[in-house]
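The values are calculated or read from the model by the stated rules, or taken from the named source; none is laboratory data. The structure presented is a predicted model; accordingly, all values stated were derived computationally and were not measured. As a convention, Cβ positions derive from the backbone with ideal geometry for all residues, glycine included, and neighbour counts pool all protein chains shown. In case anyone asks, the SASA skips ligands and DNA or RNA and just uses the protein heavy atoms, side chains included. Shrake-Rupley method; radii C 1.70, N 1.55, O 1.52, S 1.80 Å.
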Amino acid sequence: MKKSTMKITIVFVLIVVLVVGYYAYLSGKSRDSGDDEKMTAAQLVLSRDMQKDYPPTVREVVKYYTEIQKCLYNEECTDEEVEQLGLRARELYDQELLDNNDEAANLLQLKTEVASFRSDQNKINSVSVASSLNVDSFSEDGYEFARIQCNYTILDKGKSTLSSTVYLLRRDENRHWKIYGWDWAKNVNPQ
């Protein structure tokens, strides 16, 4: 009996050591891979697969657009990231807006705006997109349109200012909401 008890104890101890060793190995491996995979805000925004995960609602399109803006204006982005973020923003634009804004000129203007915003020591402190209940939807010329307001709190050399923008979106043939244009809220007359 002593011999079989000792064998069972040895096997049990070996199993415990193997399980603890394997757990330690996996914990160390996941911790190491987590360090390598820390993504910047810009990389995280750019990682979205727009073919499979296009924002489904008016509010979500504008929320994603403001995430792109926060990366552009708040993060230390490389020129390549600024260009990639600008191109990603263009994926949210309506075809008519794209047709009226040459890609190269649009990206050059964006780089200039970003540099100016940062040199003035400005920062987008917070963004608040209106709730889905506050989306103003209407039809015109056979198209579905929607308006939604977005409030930005901008830090301008330490001073906080509120800026309100109204985004106009149009639904495309794939039933995706696309940004048709925007204007300051004070310039928009509700219909």
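Accessible surface for V114 stands near 10 Å², nearest 10, in the context of the full protein assembly shown (1.4 Å probe).
Residues in the stretch 76-162 average 62 Å² of solvent-accessible surface per residue, probe 1.4 Å, ligands and nucleic acids excluded.
For the residues D53, D94, D172, D79, a 1.4 Å probe over the protein chains yields an accessible-area ranking, largest first, of D79, D53, D172, D94.
Per-residue accessible area (protein heavy atoms, 1.4 Å probe) orders T112, T66, T161 as T112, T161, T66, starting from the largest. Karplus-based coupling profile of the stretch 77-88, in residue order and whole Hz: 9, 6, 4, 5, 5, 4, 5, 5, 5, x, 5, 5, with θ = phi - 60° in 6.51 cos²θ - 1.76 cosθ + 1.60 and x standing for Gly or Pro.
Helix-only arithmetic for the chain: the sum of -39500 (n - 2.57) across DSSP H runs with n ≥ 4, divided by the residue total, places the mean residue ellipticity at 222 nm at -16000 deg cm²/dmol. From most to least packed by mean Cβ count within 10 Å, the peptides 98-105, 39-46 give 39-46, 98-105. Among the lysines of the stretch 1-158, pairs at least eight places apart or on separate chains and with Cα atoms under 27 Å apart come to 17.
The relative contact order of the chain, computed from alpha carbon pairs under 8 Å that lie at least 6 residues apart in sequence, is 18 percent.
Using only the Cα atoms of the stretch 76-134, build the gyration tensor, take square roots of its eigenvalues as a ≥ b ≥ c, and label the shape rounded, prolate or oblate: rounded if a/c is under 1.5, else prolate if a/b is larger than b/c, else oblate. Note, shape of the stretch 76-134 comes out oblate. How large, in percent, is the carbon and sulfur part of the accessible surface of the stretch 115-191 at a probe radius of 1.4 Å? Solvent-exposed carbon and sulfur of the stretch 115-191 make up 45 percent of the total.
Shape class of the chain from the alpha-carbon gyration tensor: prolate, with a/c at 1.5 or above and a/b greater than b/c. For the chain, the residue among Y167, M6, M50 whose Cα projects farthest onto the positive side of the dipole built from Cβ charges is M6.
Rounded if a/c is under 1.5, else prolate if a/b beats b/c, else oblate: with a ≥ b ≥ c from the C-alpha gyration tensor eigenvalues square-rooted, which is the stretch 31-134? Verdict is rounded for the stretch 31-134.
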